[in-house]
Structure formats: structure tokens, C-alpha cells
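First the structure, then my questions, so here it is.
The values are calculated or read from the model by the stated rules, or taken from the named source; none is laboratory data. All values derive from a computational prediction rather than experimental measurement. Backbone-built Cβ (ideal geometry, glycine too); neighbour counts: all protein chains shown.
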Amino acid sequence: MLSRDPVPLEAWVEGNVDEKRLKEYQVEHPHDRQAGVPHTTCFLETINEPFSIKIQFLDQKTFKAHQWFVQCSVDRQTLAGGMWVNNPAYRYSHFVERKDGLLYQSDMKFSPLPTTDDEENVTIDNAQLQDLGKIKILVHFGQWVTTRSEGKAHSVSMVSGTVHEKTKKGVNPKVIADTPSPTSYTFVVDKNGKNYYRFTFKYRPRPVLELMGVIEGEPEPTDLEVKDQQPQVGDGPASTAEKVKVENEEKGEEGPKSKKHKVN
């Protein structure tokens, strides 16, 4: 989805297999006075394959005029931010989790959480539920400052539990090296660049979007349409001759008779 003018930004989510963008619905530019952040939001139809989150500057002049920092969170879990200084396009394609002293890098994929009707077995309350099903991107501009302290790898702890909702889970995990960088960078936000822009994707599976009225479901066929679609007895090219024969018999007509020739 595109940002509101004059900010030249575009953000989207796409599948890793075919690189097709996920379908967006009800793109809006709400005015949030309390947050004070220019904002674009939409509903997103989920897919059953790994995906990536992308954001891109559409104007090179604006991009090169500042140094940038982009933050991305999924279900309130912040993914590692990065130095956005060279390429006007930025991509999130995986997240990192720390388990038993090891770092695991996983692709991102929409996956349903288990559900239950038993209140005693629900482990995610309504307050936590409000943060699920959302991908948020926040952009700032300022300056990157080099520091000499060792930086640890950023990791997240993804939401798990039982609830009526969908959340992001990792697939294809692989162990990566937990090697701290000897040089790290600190981003100093410009006072005019704080909360430069924000995107929010509210992702849901198609059946949920239909129930919410965000998109229209496929209409059920009427009895007449079903009857019209059913094959009729005798349909097809081979039945034409039979039909003519039956009609001739009903009229008392016969086909052409062969002429007899007298043989001398």
C-alpha cells in the first residue's frame, strides 16, 4: 500500500515462492492525533507459504537526504531493525529465536493457533489478542553513529498459546552463528524525523475477512443454476441423429428408400 502524500513510501507483503503481493483490502489513511504519526492501514489476506515484508522509497532524492531506521513488528514482537542507508528497498524475510543457548533463523509463515471453547484452557486473553494479527512498520530518519561496544544478535520470543486467532510462526528453522559484532551502530533520531511514517497490516484468512464483511464471499448457486449445470440425458453430438430418428417416427415418416433396378 502507498503512503499518504507527500511521503513517498510504499509497503507490502509478498510470498517467497512466486513473489506475488498479498491482496490488500480497505486501504485507509486514519488521522491518529494521539500518536501524531502519519499512518496507512489495510486488511491483508493470508497465504499458506513463507512470506516477506517489504518497504520502499519511491523518491531517491528524499531517501538520500537522510539516514533512515525502520522498525517492523509482528504480533507486537519487534524484528531486528537495520541500517537503511544504501538501497531504497528494505526487506524482512525471517526472524531469529534463541532456544537452549542456540540461535535459530526461521522463515515467516502465517499459522493458526489452537482454539478451544473451554475458558480454562485459553492461555491468551483479550488484551493480548488485540495485538495479534498485525504487522506494523515504523520509519524514522536521523543519523547512524558508530560505537565500539560489542552488539548481541537480536532475537524474539514468538507468541504461542490457545486462542481464536492467527499468528506468525517460523518454518524451516536453521541454526546460525551467535557471533557478536565488534562494531555496532546507534541510531540517533532527528527531532523532525521521529515517527516519520507508519504502516499497519491487519492480516486475516479469507473466511474471516468474509465473516467480517471486508470482502464478499462466493455466492451460493441457486436451484435453477444447479439444474442448468446438470448434464441432460442424450446431450452431445452423438444424440443428434437419434433425436431426428425419433421425431421422424413420431410423424410416421421414413427415411429415403433405395430404388430397385430391373436386371435383364
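Residues that are of a type in the set (D, E, K, R), surrounded by fewer than 16 Cβ atoms within 10 Å (Cβ to Cβ) and modelled with pLDDT under 90: does the stretch 72-83 have at least one? First the steps, then the outcome.
Keep residues of the stretch 72-83 that are of a type in the set (D, E, K, R), which gives 75-76.
This time we only want the ones that are surrounded by fewer than 16 Cβ atoms within 10 Å (Cβ to Cβ), so: 76.
Restricting the remaining residues to those that are modelled with pLDDT under 90 gives 76.
Yes; the residues of the stretch 72-83 include at least one that is of a type in the set (D, E, K, R), surrounded by fewer than 16 Cβ atoms within 10 Å (Cβ to Cβ) and modelled with pLDDT under 90.
Kindly provide the set of residues from the stretch 34-71 that are under 15 Å from ASP190 (Cβ atoms) and of a type in the set (Phe, Trp, Tyr), ordered by number.
Within the stretch 34-71, PHE63, TRP68, PHE69 meet the criteria.
If you scan the stretch 82-99, which residues turn out to be part of a loop (DSSP other than H, G, I, E, B) and among the aromatic types (Phe, Trp, Tyr)? Please lay out each step first, then the result.
Within the stretch 82-99, the subset part of a loop (DSSP other than H, G, I, E, B) is 85-88, 93.
Once the filter is applied, which keeps residues that are part of a loop (DSSP other than H, G, I, E, B) and among the aromatic types (Phe, Trp, Tyr), the stretch 82-99 yields nothing.
Quick one: which residue in PHE43, PHE63 is among the aromatic types (Phe, Trp, Tyr), within 20 Å of TYR203 (Cα to Cα), at pLDDT 85 or above and surrounded by 17 or more Cβ atoms within 10 Å (Cβ to Cβ)? So that I can check it myself, show each step before the final result.
On the way: PHE63 fails: within 20 Å of TYR203 (Cα to Cα).
Result: PHE43 is the single residue among PHE43, PHE63 that is among the aromatic types (Phe, Trp, Tyr), within 20 Å of TYR203 (Cα to Cα), at pLDDT 85 or above and surrounded by 17 or more Cβ atoms within 10 Å (Cβ to Cβ).
Checking PRO50 against (1) of a type outside the set (Ser, Thr, Tyr); (2) in contact with a strand residue (DSSP E or B) (Cβ under 9 Å, 6 or more places away or on another chain); (3) without any contact (Cβ under 8 Å) to a residue 60 or more places away in the chain, which single condition isn't satisfied?
With (1) of a type outside the set (Ser, Thr, Tyr); (2) in contact with a strand residue (DSSP E or B) (Cβ under 9 Å, 6 or more places away or on another chain); (3) without any contact (Cβ under 8 Å) to a residue 60 or more places away in the chain applied to PRO50, the lone miss is (3).
Find all pairs meeting these conditions: Cβ atoms under 6 angstrom apart; at least six residues apart or on different chains; first residue within the stretch 80-108 and free of Cβ contacts under 8 Å to residues at least 60 places away in the same chain; second residue aliphatic (A, V, I, L, M).
The qualifying pairs are TRP84/VAL70; TYR90/ILE55; TYR90/VAL70; TYR92/ILE53; TYR92/LEU79.
Out of the stretch 81-97, which residues are more than 13 Å from VAL70 (Cβ to Cβ) and small (Gly, Ala, Ser)?
SER93
May I pose another question? For residues that are outside any strand (DSSP E or B) and among the polar types (S, T, N, Q), scanning just the stretch 1-33, find the one that is nearest to MET212 (Cα to Cα). Break it down stepwise before answering.
Narrowing the stretch 1-33 to residues outside any strand (DSSP E or B): 1, 3-8, 16-20, 22-23, 29-33.
Cutting the leftovers down to among the polar types (S, T, N, Q) gives us 3, 16.
Numbers: SER3: 25, ASN16: 27 Å.
That would be SER3.
Ok, one more. Please work out which one of (1) modelled with pLDDT under 85; (2) surrounded by fewer than 20 Cβ atoms within 10 Å (Cβ to Cβ); (3) not hydroxyl-bearing (Ser, Thr, Tyr) is the condition PHE95 fails and give its number.
It is condition (2) that PHE95 fails.
Has the stretch 62-78 got any residue that is in a helix (DSSP H, G or I) and either among the small types (Gly, Ala, Ser) or over 16 Å from TYR196 (Cβ atoms) (or both)?
no
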